[in-house]
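Nothing in this text is a laboratory measurement; each read-out follows from the coordinates by a stated rule. All values reported here derive from a predicted model rather than from experimental measurement. When we count neighbours, we look across all protein chains shown, and the Cβ atoms used for this are built from the backbone with ideal geometry, even at glycine.
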Amino acid sequence: MQDLKWSELPFGYVRTPYNVRCKYKNGKWGEIEVSDSEYVNIHIAATCLHYGQEAFEGLKTYRGKDGKVRIFRWDENAKRLQSSSEGILMAKVDDKLFFEMTKKVVDLNKDFIPPYGTGASLYIRPLLIGTGAEVGVKPADEYEFIIFTTPVGPYFKEGFKPVNIAIIKDSDRAAPLGTGLIKIGGNYAASLRGVKRAHDAGCGSPMYLDCVNRKFIDEIGAANFFGIKNNTYITPKSSSILPSITNKSIEELAQLLGYKTERRPIELTELETFEEVGACGTAAVISPIGKIIDLETNKIYDFGDKPGPVSTKLYETLVGIQYGEVEDTFNWCTILDI
Ligand SMILES: *Cc1c(COP(=O)(O)O)cnc(C)c1O
């Protein structure tokens, strides 16, 4: 085990010794390679550099109380990467290759899986890039799939405490962030301005409204939004948000715990009626929201400075499953024999 200050880790990049790579050439994937370099050497005309032919994923491994290493719903990440590949015409990584490489990279870096009880985990970042040279706008004929790891702490440094969110002005939003089913870097480049505006306003993340009418709630930065009222978990239905695996899992847990769930358009005007609101995602886990500040109108929606009871219950159940403390009735975790 490495000697790091595990409990103080931010959500950032920390070098781990190895990453794994696989190249797609002549219509097929090659052998899995292990690398100790943090760099890639690619063609200056690679499509990922010019046309953003690139997709990524994010998932986590957890060291449980029982010492076992669990990975959460990797098959869902594999599936979403495949739909991202369909979205921007890239070679697909099948489930088998995805899992083999994930397991290998975790095994190689197992000294960096944070100890139980520190609130930290080992983040896994799969990256698929078009490496073939093209100048015309067309898909590459060569790809590289890379997975690296980095130990991370909570995304919002407050941990499980309410964060503040800014509804940014339309002019600060370069593009919708989650475009349908695809998790691509280009959407994130377009979000950087909005993220900066939110930070400048003293908030942890921006809230995006639908970009046609600015009437409905879409997402919270790189996390989905949820609201709770009348024992019901409500999350937006929209074609411009990324389908979060965490959100889908929380919905199922909410049902298991006896809450109702709804997935439907949520108007901004409904915000005031929620008892609790939050953001959810692999990085954000469940982050309760304290205040939402509308930078256009200066209106502030205040949900208090303590996590609500339903968010807390959902958080404890989700995290409990991930660390092996709560029974994994849905079979979401794969225990890695490493
Ligand atoms: C990755 C991502 C999320 C969260 O999805 P999870 O599968 O829960 O990690 C939410 N919104 C956007 C835009 C994302 O890229």
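A compact table of results
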{"quantity": "Taking Asp294, Asp75, Asp305 and counting other C-beta atoms within 10 Å, the order from fewest to most", "calculated": "Asp305, Asp75, Asp294"}
{"quantity": "Whole-angstrom gap from the stretch 75-139 to the stretch 186-220, using each part's C-alpha centre", "calculated": "25 Å"}
{"quantity": "Cα-based convex hull volume of the stretch 163-322 per residue, rounded to whole Å³", "calculated": "102 Å³"}
{"quantity": "Estimated distance in nm for a label pair at Thr261 and Glu86, the labels positioned 7 Å out from Cα along Cα-to-Cβ", "calculated": "2.1 nm"}
{"quantity": "Ranked packing of 124-130, 295-301, most packed first, by mean Cβ within 10 Å", "calculated": "124-130, 295-301"}
{"quantity": "At R0 = 35 Å, FRET efficiency that the Cβ-Cβ distance of Lys299 and Val137 yields, to 0.05", "calculated": "0.25"}
{"quantity": "Amide H contacts of Lys299 (H built 1.01 Å from N, under 5 Å, at least 5 apart or other chain)", "calculated": "Asp294"}
{"quantity": "Within straight-line cross-link reach of Lys215, lysines at Cα separation under 29 Å, skipping those fewer than 8 residues along the same chain", "calculated": "Lys161, Lys169, Lys183, Lys196, Lys229, Lys237, Lys248, Lys260, Lys291, Lys299, Lys306"}
{"quantity": "The chain - share of DSSP beta bridges that are antiparallel (%, nearest 5)", "calculated": "80 percent"}
{"quantity": "Peptides 11-20, 114-123, 32-41 ordered by average Cβ neighbours within 10 Å, highest first", "calculated": "114-123, 11-20, 32-41"}
{"quantity": "Estimated vicinal HN-Hα couplings, Hz - the stretch 135-145 in sequence order (Karplus 6.51, -1.76, 1.60; Gly, Pro = x)", "calculated": "10, x, 7, 8, x, 5, 9, 10, 9, 9, 10"}
{"quantity": "Spin-label model distance (nm) - Asp3 vs Glu38, 7 Å beyond Cα toward Cβ", "calculated": "2.1 nm"}
{"quantity": "Three-way shape call for the chain based on the alpha-carbon gyration tensor, with the a/c threshold at 1.5", "calculated": "oblate"}
{"quantity": "Span from the the stretch 9-59 Cα centroid across to the the stretch 295-338 one, whole angstrom", "calculated": "30 Å"}
{"quantity": "Reachable aspartates and glutamates from Lys28, criterion Cα separation under 14 angstrom, eight or more residues apart if same chain", "calculated": "Asp94, Asp141, Glu142, Glu144"}
{"quantity": "Listed residues Cys211, Ile147, Gly290: farthest to the positive end of the dipole of the chain (Cβ charges)", "calculated": "Cys211"}
{"quantity": "3J(HN,Hα) from dihedral phi, the stretch 307-321, Karplus parametrisation 6.51/-1.76/1.60, rounded to Hz, x for glycine, proline", "calculated": "x, x, x, 6, 4, 5, 4, 5, 4, 5, 5, 4, 5, x, 5"}
{"quantity": "Max mean-square fluctuation residue, GNM over the chain, Cα-Cα springs under 10 Å, options Glu31, Glu276, Glu54", "calculated": "Glu31"}
{"quantity": "Percent RCO, i.e. relative contact order, over the chain, from Cα pairs under 8 Å lying at least 6 residues apart", "calculated": "20 percent"}
